[in-house]
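As structure tokens, the structure follows; a few thoughts come after it.
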Amino acid sequence: MALPAKTPPPLPRDPSPPPGSPTPSLNTPSTPTGSPPLSPSYVAAAVTSVDNSCTSRIIGSIAGNGAPRIWKEGSSPFSVFYEVPAEGNPLRPLFFEALNTAFPLGVGRGLTYASRTSRTSFEFHLVDQEACSRACQVGFPFNGRTVFASPAIPSTFKLLRLRVSRLPLHGYADFDELAENLRRCLAIYGQVQEISLNLKYNYPDGTGTIHMLRPPNPDLHLRHLEHEIKYNETTTFLATWACMGTHCTFCKEMGHEKEACTKRPKETRTCFRC
């Protein structure tokens with residue numbers, strides 16, 4: 001009786017690719033098909049996220065309209081400043097049309113750029129102080145809102161921009177009371193124009209910005225600004241400004257630096273080798 005024929009085992013597969021097939025690159029990583037995409041790292045998430053925790057709030061302004069102020073010196077006796085839409089914006093010609101309706105030629109005397117570099121800030125020259133007051137306090141309607149002008153700073157006044165810190169967080173009922181207290185304690189140095197507080201997550205952090213004007217009237221006898229300003233009998237806050245001169249960060253007095261402060265404790269430790 002004949003035995004059944006055995007099936008020969010399969011030949012080993014040739015590992016080399018067939019002729020004409022592309023050769024895989026050694027630098028290409030082998031990623032499993034259908035694997036989920038990698039989630040962004042913490043660093044990438046931190047870079048792409050926007051921090052909206054820090055904001056500012058105007059709590060005291062003589063303008064009273066809540067509009068952002070343009071702090072520039074006027075070049076004519078009666079002028080104000082406007083921030084207008086950028087060139088190419090279809091609202092730009094509509095803005096000047098509304099401006100001409102509110103202040104026709106004769107009331108408005110001219111329009112010039114506020115600076116050589118900016119094409120969105122304009123100085124608007126008016127006929128008298130009454131027209132300036134109307135532009136700043138009444139405004140004119142445009143695009144569903146009321147547009148207010150910023151009053152020009154008189155050329156004879158000195159503008160000071162104070163960066164303040166260590167502002168009190170207690171002892172007042174609301175921001176209006178805080179603004180009134182700051183205005184009162186700063187009256188011996190000049191005329192407070194605007195007070196802005198820095199907020200973190202909608203809470204004040206004790207810092208802010210105060211704009212002040214110092215008029216040239218010698219009869220006012222204004223004091224020279226100080227680094228440490230008295231808020232009340234028990235509280236002080238700190239102020240810095242451009243070209244403020246030498247001041248001490250230890251005793252908070254003007255006229256010397258920390259290294260030359262006589263109130264600073266002297267070093268009593270000696271070298272262990274001496």
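The values are calculated or read from the model by the stated rules, or taken from the named source; none is laboratory data. Computed from a predicted model, the values in this text were never measured in an experiment. With ideal geometry, Cβ positions are generated from the backbone for all residues, glycine too; neighbour counts draw on all protein chains shown.
Count, please, the residues in the stretch 183-194 that happen to be under 20 Å from Pro68 (Cα atoms) and either of a type in the set (Lys, Arg) or modelled with pLDDT of 95 or more (or both).
To start, the set of residues in the stretch 183-194 that are under 20 Å from Pro68 (Cα atoms) comprises 183, 191-194.
This time we only want the ones that are either of a type in the set (Lys, Arg) or modelled with pLDDT of 95 or more (or both), so: 183.
Residues that pass the stated criteria total 1.
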- Among the candidates Gly110, Gly88, which residue alone is surrounded by fewer than 11 Cβ atoms within 10 Å (Cβ to Cβ) and either among the aliphatic types (A, V, I, L, M) or more than 25 Å from Glu194 (Cα to Cα) (or both)? Gly88
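Residues checked against (1) of a type outside the set (Lys, Arg); (2) touching a strand residue (DSSP E or B) at 6+ places or on another chain (Cβ under 8 Å); (3) farther than 24 Å from Lys200 by Cα:
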| site | (1), (2), (3) |
| --- | --- |
| Ile59 | yes, yes, no |
| Pro68 | yes, yes, no |
| Ser75 | yes, yes, yes |
| Phe78 | yes, yes, yes |
| Pro85 | yes, no, yes |
| Pro93 | yes, no, yes |
| Leu99 | yes, yes, yes |
| Ala102 | yes, yes, yes |
- Can you find even one residue in the stretch 221-237 that is more than 12 Å from Leu162 (Cα to Cα), in contact with a Ser or Thr (Cβ under 7 Å, 6 or more places away or on another chain) and exposed (fewer than 15 other Cβ atoms within 10 Å of the Cβ)? yes
- Task: May I ask you to list the residues in the stretch 119-133 that are without any contact (Cβ under 8 Å) to a residue 12 or more places away in the chain and surrounded by 13 or more Cβ atoms within 10 Å (Cβ to Cβ)?
- Result: Ser133
